[in-house]
Amino acid sequence: MKWWKSKFKRLNHNKQQGEDLKSPQSTSEQFTEDFTIDLERLKKEIGHNWDVRFREFQLGETGIQAAIVYIEGLSDKDRIDKHILSSLMTGISEIKVPLSKEFIINHILTISDVTEENDVTGVVSKVLTGSTALIVEGIPNMLVLGTTKEKSRNIEEPVSEAVVRGPRVGFTETLSDNTALLRQQGANRNLSFLHFQVGQRAKKNLVVAYVHEVANPELVEEVIKRVKQINIDIVSESGYVEQLIEDNYLSPFPQLQNTERPDRVLGALMEGRVAILLDGTPFVLLAPVTFSMLLQSPEDYYERWLPSSLIRLLRFVAAFISLFGPAIYISFTSFHQGLIPTKLALSMMGSREGVPFPAIIEALIMEVAIEILREAGLRLPKPIGQAMGIVGGLVIGEAAVRAGIVSPIMVIVVAITAISSFAIPQYSAGISLRLLRYGAMFFAAVFGLYGVVLFFLFLCSHVVKLKSFGVPYTSPTVPYRASDWKDFFVRMPLMMMKRRPNLLRPKDPIRKD
Amino acid sequence: MKHRWFLLGGLVIPVTLFLTGCWSSKEIEDLGIIVATSLDLEEEEDRQEEFLEQEGRSGDRPLFTITNQFVTSKSMNSSSGEESSQQSAYKNISETGDAILPTLRNMTLKNEKRAFAEHSKVIIIGENLARTMNLQQILDFFLREQEIRPSVLILISKDRASSTLEATEPLEIPAFQIVEMIRGHDRTTNILPPVTLAKLEGQLNAGSSFLLQNVASRNGTTRLEGVAVIKGKTEKLIGFLNSKELEGITWIKGKGKGGVVKGFDKESGEPIIYEIMSMKSKITPNVDGNGNIVSFKLNIESEGRISEHWVETESTFKNEFLEKSEKAIEQEVKQLVTNVMDKMQQEYQVEVVGFGKQLRIDYPKLWRKVEKDWDEIFSEIPIKYDIKITINDYGTSGG
């Protein structure tokens, strides 16, 4: 247990608050057994809403009063008409006294999802998610019938994580679709989905997924514990969950991985990691994560190991350039001109001739310009965005050089840096490095290469300390685990990866053939 | 309270970082990049007088002129291509003085840019200066200075050294041309392998005699011409060896990586060109029981090919002809080697090719005895030659 020790005091604080809040809810009102009073009470609770529909009717020819409550648009009207109204209104021809709810459930209603509820807030919250409440005169409890209309978009290829080879399937905003996708592709009785509700004012469904015989139970316990501690009005997106359960909120590095790809989630689950799915977002969180995992793409495993290893190495290089590209340029041109090859030094000297700013200002101008361009391109409507990108790129690349604001070599450095940061498969890791790049630039401007090394040491000392759900962020380098290096810089052949990553401490370390 | 400390720390760190200013930061375009330096003995009267007026003179010390070659950044500016053709790619600035550093500092008066010597490629010392002054003294500053790289090449100029830093083509930079020319040493036996400042320092400290590549300027073109001989005892220049003699040196050292030898056919007198593929030499000291050096034996082995021959009557396919050619080449090589050995032993009385080194390895005790006067002792010792040339290839044509 010590190993999974949570250091996060903030979450523990929230937990206590959450328990305080829940207490008044448990003493909620029960329904009486009087039909009209109960219906009035329901109308009082939600009747003022425009989209709530009350339909009162009589059960067949018996004259018994009944009513259904549903929400227009959220409930499936077809199902209500065919399986509830028509059965109830025409299916009962003679009076059976007393009319039992078992009879209605077992003989009349042709609908699969029927539950009983006697608690007002419970009924209201279920009606608000698309269920239909049925009140029948003389029957004490309300029947809640599952009539939620499935509203989901088509399964499409994820935009944020494109691959050349691999399934063109991405998660959607519907939780049941997402879990179904996982079940469908990873049919395994050990694949467990635990359901939780998060959010204090608006409840959202959240599913913690793991493979029972693989995942370390302490890890699962830790994830569940942290998810339960979430105390916030509404959890709109999995980003909220991520920020509320991560280990260190001051760190620039993402401590949970997010993905839109079911194949990546399944791969992670089979390694012994835990996934967190939230209703209403296609982004699934994976925990724990190490820095090297953020530089991996599912495609690495689909292509053969040699090209995959090469591309993976390239990503490490890209991450390095993305972090230190401009910093190294600054330190070389302002401090260590002797380290540049002579001919290059001369051409750099020539190209910087006439640029009025020191290298740091020059780099800042270009870096900020390209960040603005990227942000603007993202926000603009697609057709305009592309045009703006080209115009902006030309203006910055060509005109700024012509105007003598920046040197052509700076444009090359910035372009390579920008491209490198796009080569990082995880967007969240990419923006972290983008942020840290500015730190590196300032250190380079003040101390030269010594400053860059200093910054790198600061970064290292932080990252080495950082943990994601008890797993050191820099593993398998620090702490050194030789067996996990098979899937680190180089992706070894699949037949050599017979063991699951040791750093996750899986229950079952051997992969089954 | 904790938050306040955090905030304070967060402020103090960046503020102190920026208060330091970007010390020692200097933008690349503000540098005057020195690519070559030349040192000459100052003999011109008016220059001397100019110096006297400015500085005053301490004692009767010889004056010398330092010329630094700066690269002008305008020539490298690609965006303003039209202007570049008018301006020279380099700028030589000279200054006279009796010590190196003060003279270099005076150069600040003439050049707006801060001199930066980390890219310096060559130091050329004029003959007159090298003859009159100790090399250790001349180069003392350069050996101490951190900005000067130990990979700087040291050359001697027969003429005024600063004139070798002039080029007729305005867009060429003479320093780079010299470096590129010396790189050709693995294609010919006429160029000495480059001597860097680091190697030179070793030679100077060992007190042994050595050779430096000689560079000359003729009618505006710079060319490599033989070598200068530096005597270990005085660390001064004592004479020159021409290209032919340098070839002999290369053969004795066995360090040549390529090159040609022109031998002559005995009967017809037509030339046979032998191209060196590999070269090996071995020096064996012969010491008698009393600890006296009797003689040295010099073995030279080389393999190569006939790349050209003018002997119409013979066919290269014939083994007799090949043997005859080998003999002819051996003859020629022996000529080269004995020629230079004679000159070194008789005329200059120095040993620069490594006989001493071999003696040190084989008879260290004996070496310690003779070390001090090695140059003189060596000039008395007879040398036996054993030269073996093997032709194992005749190119793509057998005819």
Revision key, fill the gap. At 25 °C and 0.890 mPa s, the Stokes-Einstein diffusion coefficient in µm²/s for segment B:278-399, with hydrodynamic radius from the Kirkwood sum on alpha carbon pairs, is 148
**Study point:** Under the Karplus curve 6.51 cos²θ - 1.76 cosθ + 1.60, θ = phi - 60°, whole-Hz ³J(HN,Hα) for segment A:450-465, x wherever Gly or Pro sits
**Key:** 4, x, 4, 5, 4, 4, 4, 5, 4, 4, 4, 5, 6, 5, 5, 6
Point to revise | Among A:ILE92, B:LEU8, A:GLY397 the positive-end extreme of the charge dipole of the protein assembly as shown (Cβ point charges) | key: A:ILE92
Practice item. Leaving out ligands and nucleic acids, note down the accessible area per residue over segment A:330-414 with a 1.4 angstrom probe, in whole Å². Key: 48
Check your understanding: Under a 5 Å amide H to amide H cut-off, with H placed in plane at 1.01 Å, what residues pair with A:GLY448 once short-range neighbours are removed?
Key -> none
**Study point:** Cut-off 19 Å (backbone N to label point 7 Å along Cα→Cβ of A:SER152), residues of segment A:231-263
**Key:** A:237-238, A:259-263
Practice item. Using only the Cα atoms of segment A:404-513, build the gyration tensor, take square roots of its eigenvalues as a ≥ b ≥ c, and label the shape rounded, prolate or oblate: rounded if a/c is under 1.5, else prolate if a/b is larger than b/c, else oblate. Key: prolate
Review point. Roughly what % of Cα-Cα distances in segment B:332-378 sit above 14 Å, to the whole percent?
Key: 53
**Study point:** Area hidden from solvent between B and A (accessible, protein heavy atoms only, 1.4 Å, total, Å²)
**Key:** 2400
Point to revise | Fraction of alpha-carbon pairs over 16 Å apart in segment B:232-317 - percent | key: 69
Check your understanding: Pairs B:LYS121/B:LYS253; B:LYS113/B:LYS255; A:LYS343/A:LYS465; B:LYS282/B:LYS369; A:LYS126/A:LYS382: which exceed 32 Å Cα-Cα?
Key -> B:LYS113/B:LYS255; A:LYS343/A:LYS465; A:LYS126/A:LYS382
Exercise for review: Bin width 10 Å, alpha-carbon pairs only: give the P(r) of segment B:87-175 as whole percents, running from 0 to the bin holding the largest distance.
Suggested key: 14, 45, 37, 4
Check your understanding: So which residues in segment A:438-461 end up with at least 40 square angstrom less accessible surface once the other protein chains are there, compared with the chain by itself, probe 1.4 angstrom?
Key -> A:VAL446, A:PHE447
Review point. Considering every Cα-Cα pair within segment A:466-513, what fraction, in whole percent, is farther apart than 12 Å?
Key: 63
Practice item. Pop out a list of residues from segment A:342-361 that are at least 40 Å² less accessible with all the protein chains around than in their chain alone; 1.4 Å probe, no ligands or nucleic acids counted. Key: A:THR342, A:LYS343, A:LEU346, A:MET349, A:GLY350, A:ARG352, A:GLU353
Exercise for review: Please list, in chain and number order, the residues 5+ apart from B:MET277 or on another chain whose amide H is under 5 Å from its amide H, with Hs placed from the backbone.
Suggested key: B:GLU303, B:GLY304, B:ARG305
Review point. If you roll a 1.4 Å probe over the heavy atoms of the protein chains, what accessible area per residue do you get for segment A:118-161, in Å²?
Key: 44
Check your understanding: Expressed as a whole percentage, what fraction of the accessible surface of chain A belongs to carbon and sulfur atoms when a 1.4 Å probe is rolled over the protein heavy atoms?
Key -> 60
Review point. Which value does Rg/Rh take for segment A:149-269 over its C-alpha atoms, Rh per Kirkwood?
Key: 0.95
Review point. How big is the charge dipole of segment B:90-217 about its Cα centre, in debye rounded to the nearest 20, if each Lys and Arg gets +1 on its Cβ and each Asp and Glu gets -1 on its Cβ?
Key: 80
Study note, to complete from the structure: Contact order relative to length for segment A:204-304, counting C-alpha pairs under 8 Å separated by 6 or more residues, stands in percent at 36
Study note, to complete from the structure: Over all viewing directions the Cα convex hull of chain B casts an average projected area in nm² of 32.9
**Study point:** Compactness of segment A:420-477 - radius of gyration and Dmax, Cα, Å
**Key:** 13.0, 36
Point to revise | Folded to 0 to 90 degrees: helix A:427-447 orientation relative to chain A principal axis, Cα | key: 30
Study note, to complete from the structure: Tilt, helix A:359-379 to longest principal axis of chain A (alpha-carbon atoms), in degrees rounded to tens, equals 30
Review point. Aspartates and glutamates within cross-link reach of A:LYS151: Cα-Cα under 16 Å, excluding same-chain residues under 8 positions apart?
Key: A:GLU72, A:ASP76, A:ASP78, A:GLU173, A:ASP177, A:ASP279
**Study point:** Antiparallel %, DSSP beta bridges [both residues in the protein assembly as shown], to 5
**Key:** 80
Check your understanding: Once the Cα gyration tensor of segment A:345-463 is found, what semi-axes does its equivalent ellipsoid get, as square roots of 5 times the eigenvalues, in whole Å, sorted largest first?
Key -> 25, 23, 10
Practice item. Answer rounded, prolate or oblate for segment A:233-290, using the Cα gyration tensor with square roots of eigenvalues a ≥ b ≥ c: rounded when a/c is under 1.5, else prolate when a/b is larger than b/c, else oblate. Key: oblate
Exercise for review: Name the residues of segment B:112-152, by number, that are at least 30 Å² less accessible with every protein chain in place than in the isolated chain; the surface is that of heavy atoms, probe 1.4 Å, without ligands or nucleic acids.
Suggested key: B:HIS119
Check your understanding: Which order do peptides A:480-492, A:326-338, A:43-55 fall in by mean Cβ count within 10 Å, highest first?
Key -> A:326-338, A:480-492, A:43-55
Practice item. Calculate how steeply helix A:262-271 sits against the longest principal axis of the alpha-carbon atoms of chain A, using the helix alpha-carbon long axis, and give the answer as 0 to 90 degrees to the nearest 10. Key: 80
**Study point:** Computed lengthening from A:TRP50 to A:GLU237, 0.36 nm per intervening residue step minus Cα-Cα distance
**Key:** 64.6 nm
Revision key, fill the gap. Using the Kirkwood radius over Cα pairs of chain A, the Stokes-Einstein translational diffusion coefficient at 25 °C and 0.890 mPa s, in µm²/s and rounded to a whole number, is 91
Review point. How much of the accessible area of chain B, in percent, comes from carbon and sulfur atoms when a 1.4 Å probe is used?
Key: 50
Revision key, fill the gap. For segment A:382-513, whose charge dipole is built from +1 on Lys and Arg Cβ atoms and -1 on Asp and Glu Cβ atoms, the candidate among A:ALA423, A:PRO493, A:LEU454 with its Cα farthest towards the positive end is A:PRO493
Review point. For the protein assembly as shown, what does the alpha-carbon gyration tensor say about shape, rounded, prolate or oblate, given a ≥ b ≥ c as the root eigenvalues, a/c under 1.5 as rounded, and a/b over b/c as prolate?
Key: prolate
Revision key, fill the gap. Semi-axes of segment A:127-176 from the Cα gyration tensor (sqrt of 5 times each eigenvalue, largest first, whole Å) come to 42, 7, 7
Exercise for review: Mind putting a number on the dipole of chain A about its Cα centre? Charges go on the C-beta only, +1 for Lys and Arg and -1 for Asp and Glu, and I need it in Debye to the nearest 20.
Suggested key: 2300
Check your understanding: So which DSSP H runs in chain B come out at 18 Å plus along the axis (Cα) with average Kyte-Doolittle of at least 1.0?
Key -> B:2-19
Exercise for review: Kindly report the accessible area of chain B per residue (heavy atoms of protein chains, probe 1.4 Å, no ligands, DNA or RNA), in Å².
Suggested key: 52
**Study point:** Range of Cα positions in segment A:278-379 per principal axis (Å), largest first
**Key:** 56, 38, 22
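The values are calculated or read from the model by the stated rules, or taken from the named source; none is laboratory data. Computed from a predicted model, the values in this text were never measured in an experiment. So basically every Cβ, Gly included, is an ideal-geometry build from the backbone, and we count neighbours across all protein chains shown. Ligands, DNA and RNA are excluded from the accessible area calculation, which covers all protein heavy atoms including side chains. Shrake-Rupley method; radii C 1.70, N 1.55, O 1.52, S 1.80 Å.
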